[in-house]
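For reference, the structure discussed in these notes is given below.
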Amino acid sequence: MIELHNVVKEYTNGKEVARVLKNVSFTISKGEFVAITGPSGSGKSTLMHILGALDIPTSGTYTLDGKDITSLSQEELARIRKSKIGFVFQAFHLLPRATVLRNVTLPLIYAGINREAREARAKQALLAAGLPEDHHLHLTNQLSGGQMQRVAIARALVNDPAIVLADEPTGNLDSKTGDLVLGTFQKLHDEGRTVILITHEPYVAEHAKRVLIIRDGELVEDRRNAHPRRQPESI
């Protein structure tokens, strides 16, 4: 599904050039659960932006579902993000005075889906993310942090993306709630989703079946996790 080959990312500031990613190469197959981890400043956030089609490499290739996206226009990249990638962020990015259901239907409104269909799809996504139906009409500012992250996960799922890309999804949660949210990602993986977690916490990375470690812009380790941590899914 994903193939990076000798990906380099550089940023220029005047005459100075900062090389943030240095010849990074790896593949991710459909249905894998992968954690990308490393210390602050290692380049993992830059790598996340490239994987999410939010940015393109300076050199090298990124192939997604057999298509090299490194030469695409911003409009074409936006179409890929909308159709293939569901994003989950540390800060949730929910509308605080809108209902849970409204927040999850927003991507479908922009896609021109009619009201009945988008509400049905949003309810299905919320249930898949583990948020029961009696919470769907709550305002998001009435929810716990873990419940808000479930809403964010549902919003990422509502367009049925090929990839769920989560950037520090437990960063704003206490450890117990974070474990429960990680259980949701494990459930999505068990159902056949491709899940990629970006995290600086080794403990979070241990929940994935494969761990890629980035340091100083280089991929320094790619290992299989024979015994990933398992977490409950209820919240």
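The values are calculated or read from the model by the stated rules, or taken from the named source; none is laboratory data. Quantities reported herein were computed from a predicted structural model and do not represent experimental measurements. Positions of Cβ are backbone-derived with ideal geometry, glycine not excepted, and every protein chain shown enters the neighbour counts.
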Original post:
Which of the residues that make up the stretch 1-38 are crowded, with 16+ Cβ neighbours inside 10 Å, free of Cβ contacts under 8 Å to residues at least 60 places away in the same chain and among the β-branched types (Val, Ile, Thr)?
Top reply: Val7
Original post:
Has the stretch 102-110 got at least one residue that is aliphatic (A, V, I, L, M), exposed (fewer than 13 other Cβ atoms within 10 Å of the Cβ) and touching a Gly at 6+ places or on another chain (Cβ under 9 Å)?
Top reply: no
Original post:
Could we say that Ala156 is assigned to a helix (DSSP H, G or I), at pLDDT 90 or above and in contact with a helix residue (DSSP H, G or I) (Cβ under 9 Å, 6 or more places away or on another chain) here?
Top reply: yes
Original post:
Here are Val151, Val181, Val195, Val204: which of them is touching a residue at least 40 places away in the same chain (Cβ under 8 Å), part of a strand (DSSP E or B) and not aromatic (Phe, Trp, Tyr)?
Top reply: Val195
Subject >> Hits in the stretch 186-235 (condition: surrounded by 13 or more Cβ atoms within 10 Å (Cβ to Cβ) and of a type in the set (S, T, N, Q)) >> reply: Gln186, Thr194, Thr199, Asn225, Gln231
Original post:
So, in the stretch 61-87, of the ones that are farther than 17 Å from Met1 by Cα and of a type in the set (Gly, Ala, Ser), which residue ends up surrounded by the most Cβ atoms within 10 Å (Cβ to Cβ)?
Top reply: Ala78
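One residue is enough: does the stretch 23-31 have a residue meeting the conditions part of a loop (DSSP other than H, G, I, E, B) and either under 16 Å from Val220 (Cα atoms) or in contact with a Lys or Arg (Cβ under 9 Å, 6 or more places away or on another chain) (or both)?
Quick first cut of the stretch 23-31, residues part of a loop (DSSP other than H, G, I, E, B) only: 29-31.
Those left that are additionally either under 16 Å from Val220 (Cα atoms) or in contact with a Lys or Arg (Cβ under 9 Å, 6 or more places away or on another chain) (or both): 31.
Yes: one or more hits.
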Original post:
Checking Ile56 against (1) over 14 Å from the mean Cα position of the chain (by Cα); (2) surrounded by fewer than 16 Cβ atoms within 10 Å (Cβ to Cβ); (3) among the hydrophobic types (A, V, I, L, M, F, W, C), which test does it fail?
Top reply: (2)
